[in-house]
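Inspection log for the structure reproduced underneath, given as structure tokens.
Readers should treat all values here as calculations from the given coordinates under stated rules, not as data from a laboratory. Since the structure is predicted, the reported quantities are computational estimates derived from the model, not experimental observations. All Cβ positions, glycine included, derive from the backbone under ideal geometry; neighbour counts span all protein chains shown.
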Amino acid sequence: MGRTPVYVPGYQDYGQISNAINGGPISGQPTQYPYTPNVDVLGTAPGAAQAVSTGSTIAIASPSVTGIRLSAAAAATGVILAAGTEDQQEVTLFNESANTITFAAVATSNVANGTGASIASLTAMRLAWNAQAATPAWYVS
């Protein structure tokens with residue numbers, strides 16, 4: 001019976017895992033890679049959450065940033081999300097605070113729902129940039 005390589009996320013020694021799955025002996029313990037999801041402005045974790053307050057702008061460091069951690073010391077309104085740089089660019093905003101974050105009108109915030117878009121406490125909002133719209137904006141997805 002041939003051995004089939006098996007990929008198991010988080011482990012670097014695929015041979016040992018494959019041996020175990022295919023009935024062979026396993027020696028030693030697999031070494032885990034540290035898990036650092038792309039969830040903050042710099043694209044790495046566990047950086048500090050971006051502080052948000054009324055009228056502030058949520059920065060996006062580059063199109064490769066897919067998640068941004070946010071924290072608000074008090075309810076924040078009139079918040080602006082930096083414009084996207086690529087059509088269909090996606091970003092997820094994680095509100096890690098006990099306060100709601102509400103966006104400004106679409107012409108100011110770059111968010112299509114404008115003041116109707118808010119991120120409740122301890123929730124996330126996924127958005128996609130629509131550069132083809134009459135008014136390019138982030139759309140809640």
note = Rounded to the nearest 5, the percent of DSSP beta bridges in the stretch 50-140 running antiparallel is 50
inquiry  = Students often get this wrong: which residues of the stretch 76-111 have the backbone nitrogen under 20 Å from the point 7 angstrom along Cα-to-C-beta of residue 124?
reply    = 81-82, 84, 88-103
remark   = Per the rule of 0.36 nm per residue minus the C-alpha distance, extending residue 73 to residue 57 adds in nm 4.3 nm
remark   = Short to long, in 10 Å steps from zero, the percent of alpha-carbon pairs of the stretch 58-119 per bin is 22, 55, 22, 1
request  = Would you pull out the residues with amide H under 5 Å of residue 113's amide H, same chain only if 5 or more places away, H placed 1.01 Å from N?
outcome  = 140
message = Please rank 68, 60, fewest neighbouring Cβ atoms within 10 Å first, as an exposure proxy.
response = 60, 68
